[in-house]
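Below is one structure, written out as structure tokens; comments come after it.
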Amino acid sequence: MKRFLMQTASIIAAVSLLASGCGQGRTAASGTEGTEPVKAENGTEETDIQTQDPESSTDANESSESDSQSGQVASADETISPVDVVTEDMTPIYGTEIKDGVYPITVDSSSSMFHITDGKLTVSSGIMEARITMSGTGYGKLYLGTGEEAVKAAETDYILSEEDETGACTFLLPVEALDAGISCSAYSKKKEKWYDRTLVFRADSLPADAFSGETFVTAEDLGLEDGRYTAEVALDGGSGRASVESPASLRVEDGTVYATIVWGSANYDYMKVNDEKYQWAGTEEHSTFEIPVAGFDWKMTVIADTTAMSVPHEVTYTLTFDSASLQKVE
């Protein structure tokens, strides 16, 4: 009986040892093969998902300072493809060309992950700054420069996020010029990395009377008398396929300029200027509208509602009336 009990104990010990060894083998295998998807800076997965091998990371004690810093900047594989928000026809507009005041302004971002829902531009004695409101709260700070520069900068050089009264994330940053690309890098709190962005503060989103006489030419500046005129007009925006008749017919009444805009198609049912809607005012062959023109030689933002697609939708354009081409109609 004693011998039987000893044999039984030996068998049980051997089985336990084998089971333990197999379990450790599976754990080691799962550790080397396991990968985690790299997500976008705000937590959502990017279109291009990169995997990370845990064994590929270098020990912190062996990493150089430059390697450590570069690891704090998101690589191209970790970001979605940027959008080019700076166009060839843009001319920088500086604070000296804008009247003092506070204005709503549209801010374009090169990344949909860095979505700005609201902008307020403040101009004082030629100095501009803007408070931008983000769609989310994933960013803790900004740096005016690249991510590589940001990791080497002092903490005092960072622009920290601030909560507004609704809890939204905002940043207050200096604006050197409108209609010019501003390089900045945003720090993701979740990913603990810097993401490079380009911002453009859109001059054509400011109200007409925000511009000084150097940039914005009015009927009064030109000494236009009441009557009828023509002027060359350039259309920009949309898909690039739309067109308007040029020169356009103008009429001046009590110092206010009105333009008759004749589109190249009959696919527009109304236009908007400064949120004021203007209805069709022409023939059935071409969409025609009469709209006010605040000034010449600048890109005036307008909206036209197109019916060319299955669902009507508003498209943003700009119209530029050339003061040098003005001709009075006798």
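Looking at segment 95-114, I want the residues that are in a strand (DSSP E or B) and have a partner that is basic (Lys, Arg) and surrounded by 13 or more Cβ atoms within 10 Å (Cβ to Cβ) with Cβ atoms under 9 Å, at least 6 apart or on another chain. Which pairs are those? Note: pairs meeting the criteria are Val102/Lys120; Tyr103/Lys120; Pro104/Lys120; Val107/Arg202; Asp108/Arg202; Ser109/Arg197.
Restricted to segment 230-254, and to residues there that are in a strand (DSSP E or B) and of a type outside the set (A, V, I, L, M), the residue that is most open to solvent (accessible area, probe 1.4 Å) is Glu253. Selection of segment 176-190 for residues being over 21 Å from Ala74 (Cα atoms) and either open to solvent by 10 Å² or more (accessible area, probe 1.4 Å) or part of a loop (DSSP other than H, G, I, E, B) (or both) yields Glu176, Asp179, Ala180. Selection within segment 315-328: residues that are outside any loop (DSSP other than H, G, I, E, B), open to solvent by 10 Å² or more (accessible area, probe 1.4 Å) and hydrophobic (A, V, I, L, M, F, W, C). The member of this set that is nearest to Ala259 (Cα to Cα) is Ala324. Take Trp298 and decide whether it is under 18 Å from Ser249 (Cβ atoms), touching a residue at least 12 places away in the same chain (Cβ under 8 Å) and of a type in the set (Phe, Trp, Tyr). Here the answer is no, as Trp298 does not meet what is asked.
Take the conditions (1) assigned to a strand (DSSP E or B); (2) open to solvent by 30 Å² or more (accessible area, probe 1.4 Å); Trp194 misses just one of them, which is (2).
For (1) modelled with pLDDT of 95 or more; (2) open to solvent by 20 Å² or more (accessible area, probe 1.4 Å), each residue gets a yes or a no:
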position: Pro174; (1), (2): yes, yes
position: Phe216; (1), (2): no, no
position: Arg228; (1), (2): yes, yes
position: Thr256; (1), (2): no, yes
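Restricting attention to segment 258-287, the residues being in contact with a Pro (Cβ under 9 Å, 6 or more places away or on another chain) and in a strand (DSSP E or B) number 6. The set of residues from segment 133-160 being assigned to a strand (DSSP E or B) and over 17 Å from Gly181 (Cβ atoms) comprises Thr133, Met134, Tyr139, Gly140, Lys141, Ile159, Leu160.
Considering Asn274, Asn267, the condition of being at positive phi, open to solvent by 50 Å² or more (accessible area, probe 1.4 Å), touching a residue at least 40 places away in the same chain (Cβ under 8 Å) and not basic (Lys, Arg) is satisfied by Asn274 alone.
When segment 125-162 is limited to residues that are polar (S, T, N, Q) and farther than 27 Å from Ile98 by Cβ, the one that is surrounded by the fewest Cβ atoms within 10 Å (Cβ to Cβ) turns out to be Thr156.
Taken together, the residues in segment 95-124 that are open to solvent by less than 20 Å² (accessible area, probe 1.4 Å) and on the phi > 0 side of the Ramachandran plot amount to 0.
Total residues in segment 71-94 satisfying the condition of being open to solvent by 80 Å² or more (accessible area, probe 1.4 Å) and either at positive phi or among the aliphatic types (A, V, I, L, M) (or both): the figure is 2. Scan segment 288-314 for residues that are open to solvent by 50 Å² or more (accessible area, probe 1.4 Å), in a strand (DSSP E or B) and farther than 14 Å from Asp275 by Cα and the total you get is 2.
The values are calculated or read from the model by the stated rules, or taken from the named source; none is laboratory data. Small disclaimer: the values here were computed from a predicted structure and weren't measured. Reconstructed Cβ throughout: ideal geometry from the backbone, glycine too, with neighbour counts over all protein chains shown. In case anyone asks, the SASA skips ligands and DNA or RNA and just uses the protein heavy atoms, side chains included. Shrake-Rupley method; radii C 1.70, N 1.55, O 1.52, S 1.80 Å.
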